[in-house]
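Read the structure below first, then the notes.
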Number of protein chains: 2
Amino acid sequence: MPPTAKRVSKPASQRRTEILDAAHSLFITKGIQATSVEDILTEVGIAKGTLYYHFSSKDDILRSLVERTTARVSAQAQAVADSPMPAIPKFLAVMAAARAEDSEIALAAELHTTGHDEFHLMSILGTIRALTPILVGVVEEGIAEGSFTTDHPREVIEIILTAAGMLLDTGIFIGEEDQIPRRTAGLIHAAEVLLGTQPGALAQAMEGVEGIEGMQGMEGSA
Amino acid sequence: MPPTAKRVSKPASQRRTEILDAAHSLFITKGIQATSVEDILTEVGIAKGTLYYHFSSKDDILRSLVERTTARVSAQAQAVADSPMPAIPKFLAVMAAARAEDSEIALAAELHTTGHDEFHLMSILGTIRALTPILVGVVEEGIAEGSFTTDHPREVIEIILTAAGMLLDTGIFIGEEDQIPRRTAGLIHAAEVLLGTQPGALAQAMEGVEGIEGMQGMEGSA
């Protein structure tokens, strides 16, 4: 390669990651509206054609950021689910693994204030869809080991994930932050009843695991 | 009044209703994007100033349509709750009263296809907020009469309403229409367990009342 080459050629997946990282960072510092495609090009140091090879628009970048978070959360939750652990702490640990990172929560807040609620909703739904089969697997392990009792594992998980994803999201129920402790306790109680655990089994196990309060930002993703 | 008066002066609330009716009708026939403020003026037969006296923008009209539906659903549900009826059929009848009308479901679909998901979400949250106190009242009646048993009426109602509002909305879980019967059965089961009814009590009562399947379009509103 001649020493005069100004642009370094990188693998496509690495470029894609760089663009997403730069866009995410600009979106939460400068704001989604205020960030132009040019700002992203400058930050990454690439030509317009390279960006448009990967993404068709700013909305396409937002959608990809949401999908990336869902994939991250899903992989993290699956890793926990694959580890050897009794079902009750595993259930809580999977929920905790689904927690959004601070930068993802910041992006979710920015999505809301700029009227991009469709991406916030996409993020909540993506998390519900990704976590449902993983948690159903944990519940089936729990049924086999005798700590859970339910004839409707999938329906129960969908209800708990949907209710938690919405009710604990302060970007959805705006101005109801003070309701979070009450709603969290209600969800733990509901999960115990619906999963047929011993009364208080999940609440007690939470003292050991970074637990259901992790659901609070689970969709915060982006 | 001189016979040459071209514009009839009407009470403000009546004008407001006429504008909302015309806008709703145009939005679902012509489409939200394709409907201009001028189209609404022509339909109602008013001057621009009259419309802007009531609404600041097309988005303001959309927001008002959502609020109108929530108010209608809430009043209808409250009327059912105020009627003398045992708690189990009353619970189902309140849920059924919360069902959206066809024109409201059509507007919800149009909101989604035009990227106005924030109004769809606003509609779901408005319905949850409006129905929670009404259904908590019904649950308290049920506890008093011995048909329900729960220490967490409010939390349980929030969970059921949120899960039903999302999981049964085919404008939210797009492409999952075939999951509705399974999810409806799961929600009925969950409501029985969480409200502490006799097993099958809600499912059996549904045969007499236009019941929980009414939840399907409950948020469809606008």
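Are any of the residues in region B:83-100 within 22 Å of A:ASP117 (Cβ to Cβ) and more than 13 Å from chain A (Cβ to nearest Cβ)?
Step one: list which residues in region B:83-100 are within 22 Å of A:ASP117 (Cβ to Cβ), which gives B:100.
Retained after the next criterion (residues that are more than 13 Å from chain A (Cβ to nearest Cβ)): B:100.
Yes, the conditions are met somewhere in region B:83-100.
Determine if region A:86-107 includes at least one residue that is in the same structural domain as A:THR197 (by TED's automatic domain parsing), over 14 Å from A:LEU161 (Cα atoms), touching a His at 6+ places or on another chain (Cβ under 7 Å) and not basic (Lys, Arg). Yes - at least one qualifying residue is present in region A:86-107.
Evaluated against (1) within 14 Å of chain A (Cβ to nearest Cβ); (2) assigned to a helix (DSSP H, G or I), B:GLY115 falls short on exactly one condition, (2).
Against the conditions (1) part of a helix (DSSP H, G or I); (2) facing chain A (nearest Cβ under 9 Å), B:PHE173 satisfies every one except (1). Identify the residue in region B:139-153 that is assigned to a helix (DSSP H, G or I) and of a type in the set (A, V, I, L, M, F, W, C) and, among all such residues, is nearest to A:LEU187 (Cα to Cα). My answer is B:VAL139. If you check A:LEU125, A:LEU161 for being within 11 Å of chain B (Cβ to nearest Cβ), part of a helix (DSSP H, G or I) and either surrounded by 21 or more Cβ atoms within 10 Å (Cβ to Cβ) or polar (S, T, N, Q) (or both), only one passes: A:LEU161.
Can you pull out every residue in region A:180-197 that is in a helix (DSSP H, G or I) and at the interface with another protein chain (Cβ under 9 Å from one of its Cβ atoms)? Reasoning before the result, please.
Quick first cut of region A:180-197, residues in a helix (DSSP H, G or I) only: A:180-195.
Scanning region A:180-197 gives A:ARG182, A:ARG183, A:ALA185, A:GLY186, A:LEU187, A:HIS189, A:ALA190, A:VAL193, A:LEU194.
Pairs meeting the criteria (first residue in region A:132-158 and facing chain B (nearest Cβ under 10 Å) and closer than 23 Å to A:THR70 by Cα, second residue surrounded by fewer than 17 Cβ atoms within 10 Å (Cβ to Cβ) and of a type in the set (Gly, Ala, Ser), beta carbons under 9 Å, at least 6 apart or on different chains) are A:GLU155/B:ALA185.
Given B:ASP21, B:ASP39, B:ASP82, which one is over 18 Å from the mean Cα position of the chain (by Cα) and outside the structural domain of B:PRO199 (by TED's automatic domain parsing)?
Exactly one residue qualifies, and that residue is B:ASP39.
Residues that are surrounded by fewer than 18 Cβ atoms within 10 Å (Cβ to Cβ) and either over 23 Å from the mean Cα position of the chain (by Cα) or part of a loop (DSSP other than H, G, I, E, B) (or both) within region A:55-69 comprise A:SER56, A:SER57, listed in sequence order.
Would you confirm whether any residue within region B:128-136 is outside any helix (DSSP H, G or I) and under 23 Å from A:HIS189 (Cβ atoms)?
Initially, region B:128-136 is screened for residues outside any helix (DSSP H, G or I), giving none.
Taking every residue of region B:128-136 in turn, none turns out to be outside any helix (DSSP H, G or I) and under 23 Å from A:HIS189 (Cβ atoms).
The values are calculated or read from the model by the stated rules, or taken from the named source; none is laboratory data. Quick caveat, the model's predicted, so the values are computed rather than measured. Every residue, glycine among them, receives a Cβ derived from its backbone with ideal geometry; neighbour counts consider all protein chains shown.
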